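The values are calculated or read from the model by the stated rules, or taken from the named source; none is laboratory data. Computed from a prediction, not measured in an experiment: that's the story for all the values here. Please note: Cβ atoms are built from the backbone with ideal geometry, for glycine as well, and neighbour counts cover all protein chains shown.
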Amino acid sequence: MSRGRAEGSALRFDAVTAVYRPLPAAGRRGTEVPVLEELSFAVQEGSFTALVGPSGSGKSTILKLAAGILRPRAGRIEVCGAPPGTRPGEPLRASYMPQRDSLLPWRTLLENALLPLEMHGREAQALREARRRAEELLPVFGLEGKGDAYPAQLSGGERQRAAFLRTVMAGGRLLLLDEPFGALDALTRRQLQLWLAGLRRSLEATVLLVTHDVQEAALLADEVLVVAATPVRALERVPVRDRATAERRVLELLGLREAAPLEVGGA
Amino acid sequence: MRGGFLALLLLVAWQAGVELFRPPSFILPAPSQVAAALWSERATLLANAGVTLEEILLAVALSAVVGVGLAVAMRMSPRFAGGAYPWLVASQMFPTVAIAPILVLWLGYTLAPKVLLAVLWSFFPLVVSTYDGLGRVDADAEELFASWGAGRWRRFRALEWPSALPAVFSGLKLAVAFSVSGAVVGEWLGAQAGLGYLIQRYSSQLQASAVFAAVFLLAALGIGLFALTGRVERRVLWWLRTAQDEIGREEA
Ligand SMILES: Nc1ncnc2c1ncn2[C@@H]1O[C@H](COP(=O)(O)OP(=O)(O)OP(=O)(O)O)[C@@H](O)[C@H]1O
Ligand SMILES: [Mg+2]
């Protein structure tokens with residue numbers, strides 16, 4: 001893979017190897033699980049990239065590495081030209097949305113949404129402003145009138161949207177989204193997809209979206225990265241010029257479709 | 001409901017047994033005699049129960065401050081935890097009852113030695129369960145907080161402390177129970193007031209029904225305090241309400 005210059009890429013993996021250590025389960029000696037092996041790839045600033053792959057292939061692991069939650073065993077990761085993660089007081093570069101919402105049950109939806117900023121030590125004034133902005137966003141997320149509800153009072157889809165709102169409120173320019181629309185009905189899903197596409201344009205945000213849904217990937221992304229095999233050594237890049245072709249190519253790479261007798265660039 | 005019925009059955013059997021076998025009343029008084037003693041000695045009993053209650057409440061409060069404080073400090077500093085944990089365990093290994101007379105010697109016939117003994121017994125379950133509770137935080141939530149670069153104290157206040165509260169209350173309920181026995185044993189070893197003191201005085205005078213009356217009052221005190229803690233727990237941990245209601249319903 002090309003070693004592009006750091007500027008211009010919002011996220012860069014350089015020969016990253018990542019391994020899960022075995023849990024010391026009672027009476028058993030586990031083995032290490034290698035997930036990434038010398039993986040290199042880059043996500044261009046301002047781009048919308050989808051990460052597609054079968055379950056258990058390492059998509060969430062890639063996101064957690066980018067969010068600074070996991071540390072690679074070897075290799076380098078850069079988020080906007082600096083190592084991943086945030087130190088207190090420094091603005092967030094990447095906002096991570098986990099696959100499980102992890103909303104705190106003792107906080108209301110709005111309080112949950114403001115948690116990243118609060119944890120980051122914003123002053124009361126800034127928090128009040130952020131709260132106003134979050135309130136304005138509630139209808140967009142289909143959460144009108146739910147701001148003061150507790151997570152236990154929300155439906156599965158509402159919880160997911162609340163977690164999405166929290167991610168957006170965190171304010172990072174790079175959005176690392178782990179299947180944000182998984183639990184949603186087609187209508188809300190579409191609405192949020194459109195909103196996300198709009199957001200990215202207005203904020204000039206960079207989006208790395210993990211999804212199972214090849215159609216969603218082709219609809220939203222400029223480029224689809226396909227995880228074809230685990231441990232992951234490379235990501236297949238599929239630029240999205242027209243949706244149908246890209247979808248077909250992605251399905252092909254996933255082995256879900258006979259290779260079409262079409263000439264598609266790449267490979 | 002079922003508990004009340006069982007108690008009633010027990011009382012009836014006890015009364016019948018005493019009527020039937022007529023043991024000397026200084027060995028086993030009938031419930032009716034205990035009730036009579038409860039009434040005739042009510043002024044003395046209540047005054048002394050007040051003293052014991054004061055000791056228990058002081059002990060629980062002190063245990064809460066010391067126990068939770070230690071647990072938090074240990075969670076915040078693994079080095080402190082490594083140094084302190086062996087001493088904490090050791091504090092439970094030496095025979096507290098044996099040093100209690102020394103406490104009385106040092107602190108005199110005041111509340112202090114009883115409270116101290118009760119604290120010595122009751123802070124330990126609080127430290128252990130709070131410490132463990134603070135360590136048992138949802139791993140996904142911890143990852144999320146890490147991705148925000150949350151500072152140590154902020155993460156503690158927003159995530160770890162609320163997550164640990166159920167364990168803190170478990171420790172608090174144990175502390176209440178241990179404080180009751182701690183205070184009574186403390187009184188035994190040297191006191192001029194309190195239910196423990198009263199029990200000892202009555203039994204040296206062979207007033208078995210009065211002994212039973214004092215024990216009954218002590219049990220009522222302990223159960224009452226325990227139930228009160230449970231009520232506070234349900235109020236504070238309202239977000240666990242649904243699960244707790246179901247558990248409560250099964251018990252009833
Ligand atoms: N904490 C862990 N310890 C050990 N192995 C793990 C751990 N987390 C994930 N794995 C393994 O690493 C591999 C990649 O996991 P990952 O969560 O990245 O998959 P994924 O692509 O996100 O899957 P899904 O689409 O189902 O969410 C899987 O085989 C999984 O079993
Ligand atoms: Mg995943």
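Per-residue answers, yes or no, for (1) modelled with pLDDT of 85 or more; (2) under 26 Å from B:Glu143 (Cα atoms); (3) surrounded by 14 or more Cβ atoms within 10 Å (Cβ to Cβ):
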| site | (1), (2), (3) |
| --- | --- |
| A:Glu179 | yes, yes, yes |
| A:Val207 | yes, yes, yes |
| A:Glu236 | yes, no, yes |
| A:Arg249 | yes, no, yes |
| A:Gly265 | no, no, no |
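Could you figure out which of (1) within 11 Å of another protein chain (Cβ to nearest Cβ); (2) buried (at least 22 other Cβ atoms within 10 Å of the Cβ) isn't true of A:Gly58?
(1)
Considering only residues that are in contact with a helix residue (DSSP H, G or I) (Cβ under 8 Å, 6 or more places away or on another chain), of a type in the set (D, E, K, R) and within 14 Å of chain B (Cβ to nearest Cβ), look in segment A:112-144 and name the one that is surrounded by the fewest Cβ atoms within 10 Å (Cβ to Cβ).
Selected residue: A:Arg122.
Kindly indicate whether A:Ala42 is modelled with pLDDT under 90 and either out of contact with any strand residue (DSSP E or B) (no Cβ under 7 Å at 6 or more places or on another chain) or on the phi < 0 side of the Ramachandran plot (or both). Quick ask: steps written out before the conclusion?
Details: modelled with pLDDT under 90: no; either out of contact with any strand residue (DSSP E or B) (no Cβ under 7 Å at 6 or more places or on another chain) or on the phi < 0 side of the Ramachandran plot (or both): yes.
No; evaluated as a whole, the condition is false for this residue.
So B:Phe124 ticks every box in (1) of a type in the set (A, V, I, L, M, F, W, C); (2) within 14 Å of chain A (Cβ to nearest Cβ); (3) in contact (Cβ under 8 Å) with a residue 40 or more places away in the chain but one. Which box is left unticked?
Evaluating B:Phe124 over (1) of a type in the set (A, V, I, L, M, F, W, C); (2) within 14 Å of chain A (Cβ to nearest Cβ); (3) in contact (Cβ under 8 Å) with a residue 40 or more places away in the chain leaves (2) as the failure.
Scan segment A:90-113 and report the pairs whose first residue is closer than 13 Å to B:Ala146 by Cα and among the aromatic types (Phe, Trp, Tyr) and whose second residue is within 16 Å of ligand 2 (Cβ to nearest atom) and assigned to a loop (DSSP other than H, G, I, E, B), with Cβ atoms within less than 7 Å and a gap of 6+ or a chain change.
Qualifying pairs under 7 Å: A:Tyr96/A:Ala67.
With respect to B:Gly190, determine if the residue is of a type in the set (Gly, Ala, Ser), more than 9 Å from every other protein chain (Cβ to nearest Cβ) and part of a helix (DSSP H, G or I).
On the way: of a type in the set (Gly, Ala, Ser): yes; more than 9 Å from every other protein chain (Cβ to nearest Cβ): yes; part of a helix (DSSP H, G or I): no.
It is false that B:Gly190 is of a type in the set (Gly, Ala, Ser), more than 9 Å from every other protein chain (Cβ to nearest Cβ) and part of a helix (DSSP H, G or I).
Taking the condition of being closer than 17 Å to B:Ala61 by Cα and either in contact (Cβ under 8 Å) with a residue 12 or more places away in the chain or assigned to a loop (DSSP other than H, G, I, E, B) (or both), how many residues in segment B:193-231 meet it?
Adding up the residues that qualify gives 6.
Consider A:Gly147 against the criteria (1) more than 10 Å from every other protein chain (Cβ to nearest Cβ); (2) in contact with a helix residue (DSSP H, G or I) (Cβ under 8 Å, 6 or more places away or on another chain); (3) within 16 Å of ligand 2 (Cβ to nearest atom): it satisfies all of them except one. Which criterion is unmet?
The failed condition is (3).
Would you call A:Arg71 away from ligand 1 (no atom under 16 Å from the Cβ), free of Cβ contacts under 8 Å to residues at least 24 places away in the same chain and part of a loop (DSSP other than H, G, I, E, B)? Full working, then the answer.
Values: away from ligand 1 (no atom under 16 Å from the Cβ): no; free of Cβ contacts under 8 Å to residues at least 24 places away in the same chain: yes; part of a loop (DSSP other than H, G, I, E, B): yes.
No, not satisfied.
Please work out which one of (1) within 13 Å of ligand 2 (Cβ to nearest atom); (2) buried (at least 16 other Cβ atoms within 10 Å of the Cβ); (3) not basic (Lys, Arg) is the condition A:Val43 fails and give its number.
Unmet condition: (1).
Do you know which residues across segment B:128-172 are among the hydroxyl-bearing types (Ser, Thr, Tyr) and within 7 Å of another protein chain (Cβ to nearest Cβ)?
Initial filter on segment B:128-172 (among the hydroxyl-bearing types (Ser, Thr, Tyr)): B:129-131, B:147, B:163, B:170.
Of everything in segment B:128-172, just one residue is among the hydroxyl-bearing types (Ser, Thr, Tyr) and within 7 Å of another protein chain (Cβ to nearest Cβ), namely B:Ser147.
Look through B:Ala213, B:Ala175 and report the one residue that is under 17 Å from B:Leu116 (Cβ atoms) and either in contact with a His (Cβ under 7 Å, 6 or more places away or on another chain) or buried (at least 18 other Cβ atoms within 10 Å of the Cβ) (or both). Give the steps one after another, and end with the answer.
Working: B:Ala213 fails: under 17 Å from B:Leu116 (Cβ atoms).
Exactly one residue qualifies, and that residue is B:Ala175.
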